[in-house]
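The values are calculated or read from the model by the stated rules, or taken from the named source; none is laboratory data. None of the values given here were measured: they were computed from a predicted structure. Note: ideal-geometry Cβ built from the backbone for every residue, glycine included; neighbour counts use all protein chains shown.
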Amino acid sequence: MQSTAIFVESSLVAVRNVINNVQLNAKPLLKLAGKKVQVICSNQADKFKILEKLKSQQFRFHSFTENHNKSRVVLLKGFYLDINSDEKTQLDELKQLLVNKGLKVNSVRIFFKKEDFAIFSIGLQHNISLKELNYQYKDVDSIIVRWEAINREMKKPTQCFKCQQFGHSSHNCGYEARCVKCLEKHEIGQCNRVNRNDGTPSCVNCSGDHPANFKGCPAFKSYVEKIEKSKKKKSSSFD
């Protein structure tokens, strides 16, 4: 089974040299993709070996989760968000609360927020129905919540919580960490900006006065437009 591609930020020669030093079942295909090299493996075992080699040699890269390993993502409504506390800490705490209730959780993210109101997107490992979620897990930390599906119109392009780039997740990221609140190269938990009184945030994607996950970011809007154009182009090719 062909695996999802790896995109390496390096030269074709450098990537080929790495691959030649890995014992593989089959030779992968290479393709130039802008400033990156796309590595296409015929099987997941080879992909894993190449990823490990790239990590050990500190290459910059990203990849994608295999379709059969992807989480089922649902929305959690009704839970609170303290705007004066660290977001990452709160997301970690919410994840632990859900795990303690027996759910197998891959990810907990903020889908939408306004002041202390937030909607969370929850990535689950198992295929549990919304009916079961709303019956068996109708409260979290003694707060009544509601579980809902994500409609196609509501889905947003993926943004990495590690490097803040668009198009891949932190689980598949081989780039250095970039803060969502400032221009420094550190994870959000290490940032001195804990709340709104700690200074104006800065975006690593456009240098604007907002956090990198702001949906009004010019870089984000440009990426969305690019995705929409690509979708229309693919759709028109089948007409």
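For this structure, a couple of remarks:
- Residue satisfying all of: in the stretch 61-87; charged (D, E, K, R) and farther than 30 Å from Ser3 by Cβ; surrounded by the fewest Cβ atoms within 10 Å (Cβ to Cβ) among these: Asp82
- With respect to the stated conditions, Ser121 fails to be surrounded by 13 or more Cβ atoms within 10 Å (Cβ to Cβ), at pLDDT 90 or above and in a loop (DSSP other than H, G, I, E, B).
- Test: Asn127 is farther than 18 Å from Gly78 by Cβ, out of contact with any strand residue (DSSP E or B) (no Cβ under 7 Å at 6 or more places or on another chain) and surrounded by fewer than 11 Cβ atoms within 10 Å (Cβ to Cβ): no
- The residues on offer are Leu97, Leu54, Leu81, and the sole one that is assigned by TED's automatic domain parsing to the domain that holds Val13 and either under 26 Å from Ala177 (Cβ atoms) or touching a helix residue (DSSP H, G or I) at 6+ places or on another chain (Cβ under 9 Å) (or both) is Leu54.
- Contact annotation: residue pairs with Cβ atoms under 9 Å, 6 or more positions apart or on different chains, pairing a residue in the stretch 43-72 that is without any contact (Cβ under 8 Å) to a residue 24 or more places away in the chain with a partner that is of a type outside the set (Gly, Ala, Ser) and exposed (fewer than 12 other Cβ atoms within 10 Å of the Cβ), are Ala45/Asn25; His68/Met1.
- Meeting the requirement of 3 or more residues that are closer than 30 Å to Ser142 by Cα and not hydrophobic (A, V, I, L, M, F, W, C), the strands (runs of 3 or more DSSP E) wholly within the stretch 1-98 are 72-80.
- So Glu184, is it outside the structural domain of Asn106 (by TED's automatic domain parsing), modelled with pLDDT of 90 or more and of a type in the set (D, E, K, R): yes
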